[in-house]
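Reviewing the structure listed below.
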Ligand code: AMP
Ligand code: ZN
Ligand code: FE
Ligand code: FE
């Protein structure tokens, strides 16, 4: 079984529509694909409607979270699977996160414009096309304006990485774990050791999160070194957590291919067995 549990579509900052994503998953030989857009379930219905026979669809999201145990607080991502999207608390939080993304992206655009960068908020909104807006959409405007050549370049410290960085408000990570559980879903800590993205959390937070109901850790991810993947496996083993692997596919906003990293079938089965919010489709 080929299982990829972390993929983005145009419902957030991927470049394939949800329908194209599930078709591309089948074409890449996947048996299971999870759609996990940032802070939204907006792609679920289109992905479900276009799901090819033979591809199992796991509906999920990647939640923008924050741990307030460090000063300043550390941003992190939680993958949430198979939760009930109608559960009021979680649904309200997703709306809040997306609206904060809009305000934050607009502030970043204003900062860039104040320095004479010729991009507009309307243009960025057009790239986001009604989905969760993120820095990759601003990167697209910077590429169009000829200021950078690639998305990765746009994340350098002189651009979106630091100089024009504005934080999001995000969701407290413990509240997120609880809200997803209360909605019948399962949480997996996405790329927990991805130092390329900034500061990472200490092991003691992962221990606390395991106590609070976190279900798993994403070990196999392009942003982890082989040594980091092993450390995560050992920690998961020690804490009784599941481990996953996934591409974190973003279409042409990243170079990684669908199925580049995969989750073992027994880990996938564990996730499915633990979730009660919505069923897998397929
Ligand atoms: P945001 O959610 O708006 O803070 O933007 C973060 C998103 O940008 C991540 O989910 C990645 O998809 C993408 N991203 C972060 N760092 C990089 C990078 N160095 N190069 C390309 N994409 C990145
Ligand atoms: Zn992304
Ligand atoms: Fe992420
Ligand atoms: Fe992601």
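Some points to look at:
- Pair list, Cβ < 6 Å and 6+ apart or interchain, from the stretch 176-194 residues that are without any contact (Cβ under 8 Å) to a residue 40 or more places away in the chain to residues that are away from ligand 1 (no atom under 16 Å from the Cβ) and not in a loop (DSSP other than H, G, I, E, B): 193/228
- Any hit, the stretch 249-264, residues being without any contact (Cβ under 8 Å) to a residue 12 or more places away in the chain and either more than 16 Å from ligand 2 (Cβ to nearest atom) or farther than 21 Å from residue 12 by Cα (or both): no
- For the stretch 78-92, the count of residues that are without any contact (Cβ under 8 Å) to a residue 60 or more places away in the chain and crowded, with 22+ Cβ neighbours inside 10 Å is zero.
- Output for the stretch 116-134, where each listed residue is surrounded by fewer than 23 Cβ atoms within 10 Å (Cβ to Cβ) and either outside any helix (DSSP H, G or I) or within 15 Å of ligand 4 (Cβ to nearest atom) (or both): 116, 117, 118, 119, 120, 129, 130
- Identification of strands (runs of 3 or more DSSP E) wholly contained in the stretch 1-68 with 3 or more residues that are away from ligand 2 (no atom under 16 Å from the Cβ) yields 56-67.
- Qualifying residue in the stretch 28-39 (condition: more than 16 Å from ligand 1 (Cβ to nearest atom), free of Cβ contacts under 8 Å to residues at least 40 places away in the same chain, within 20 Å of residue 137 (Cβ to Cβ) and under 18 Å from the mean Cα position of the chain (by Cα)): no
- As a summary of the residue check, residue 47 satisfies the conditions (1) buried (at least 24 other Cβ atoms within 10 Å of the Cβ); (2) at pLDDT below 95 except for the one numbered (2).
The values are calculated or read from the model by the stated rules, or taken from the named source; none is laboratory data. Note that the structure is a prediction, hence the values are computed from the model and not measured. With ideal geometry, Cβ positions are generated from the backbone for all residues, glycine too; neighbour counts draw on all protein chains shown.
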